[in-house]
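The values are calculated or read from the model by the stated rules, or taken from the named source; none is laboratory data. Every value quoted in this text rests on a predicted model; they were computed, and no experiment measured them. No Cβ is skipped: glycine too gets one built from the backbone with ideal geometry, and neighbour counts run over all protein chains shown.
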Amino acid sequence: MAYNPCAVGPHYNPLKNYLSYISWGRGNDMRRYRLRFCAMHIAVLQEDLAEFKVNPADGTVSGGNAAMTHCLACSEPLDKVAWQVFVTCYPPNNEREDYWSHVHVGCQLPEYMQDQYGDPL
C-alpha cells in the first residue's frame, strides 16, 4: 500500500502514487505545491485537464483559443485580471505531461487540485 495517501483522500491503494506539481499565480507571485495521486485519480486529473495539455514540440495548448480564453474552473470567458495555472503530471508508464490555463481571481480549482496544507485558490 502507498505510504502517503492519495490527494483525493485516504482509500485503498495497493500500488504507488504518482506526483503532480501545481503552480498558480500571477507574475512573480506564484504559489507551488506537490500532490500525490493514485493511478485512478491521476487518470481523472489528466482527463479533466485534457483540453489544456501543452504540446512539448511547439508549446501550443490542445484546446486552442477556447482553452486559453476560458477559466479552467468555471469555463466562463476570462477578464484581464486572471491567474495562470501550470500543472505537471508524471502519470504511470508515460512521459511528463504539462498543462497550462487561466483561472479567474475569484474562482477555485477543483478541490482535489488544491493544496491540502495551504490556502485554497
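Can you tell me which residue within the range 86-116, out of those that are of a type in the set (Phe, Trp, Tyr) and not in a loop (DSSP other than H, G, I, E, B), is nearest to residue 45 (Cα to Cα)?
Here the answer is 112.
Being under 17 Å from residue 115 (Cα atoms) and surrounded by fewer than 18 Cβ atoms within 10 Å (Cβ to Cβ) is the filter here, so list the residues in the range 9-25 that pass it.
Scanning the range 9-25 gives 9, 10, 19, 21, 23, 25.
Which condition breaks for residue 47 when tested against (1) out of contact with any helix residue (DSSP H, G or I) (no Cβ under 8 Å at 6 or more places or on another chain); (2) surrounded by 13 or more Cβ atoms within 10 Å (Cβ to Cβ); (3) modelled with pLDDT of 90 or more?
(2)
If you scan the range 50-75, which residues turn out to be part of a loop (DSSP other than H, G, I, E, B), at pLDDT below 75 and among the polar types (S, T, N, Q)?
Matches in the range 50-75: 60, 62.
Which of the following residues is under 26 Å from residue 16 (Cβ atoms) and buried (at least 19 other Cβ atoms within 10 Å of the Cβ): 37, 86?
Going through 37, 86 in turn, the sole match is 37.
With respect to the numbered conditions (1) modelled with pLDDT of 80 or more; (2) in a loop (DSSP other than H, G, I, E, B); (3) within 19 Å of residue 109 (Cβ to Cβ); (4) not hydroxyl-bearing (Ser, Thr, Tyr), which one is the sole condition not fulfilled by residue 79?
(1)
Return the residues of the range 25-43 that are assigned to a helix (DSSP H, G or I) and touching a residue at least 60 places away in the same chain (Cβ under 8 Å); say none if nothing qualifies.
Across the range 25-43, the qualifying residue is only 41.
Could you tell me whether any residue of the range 96-118 is modelled with pLDDT of 75 or more and on the phi > 0 side of the Ramachandran plot?
No: zero hits.
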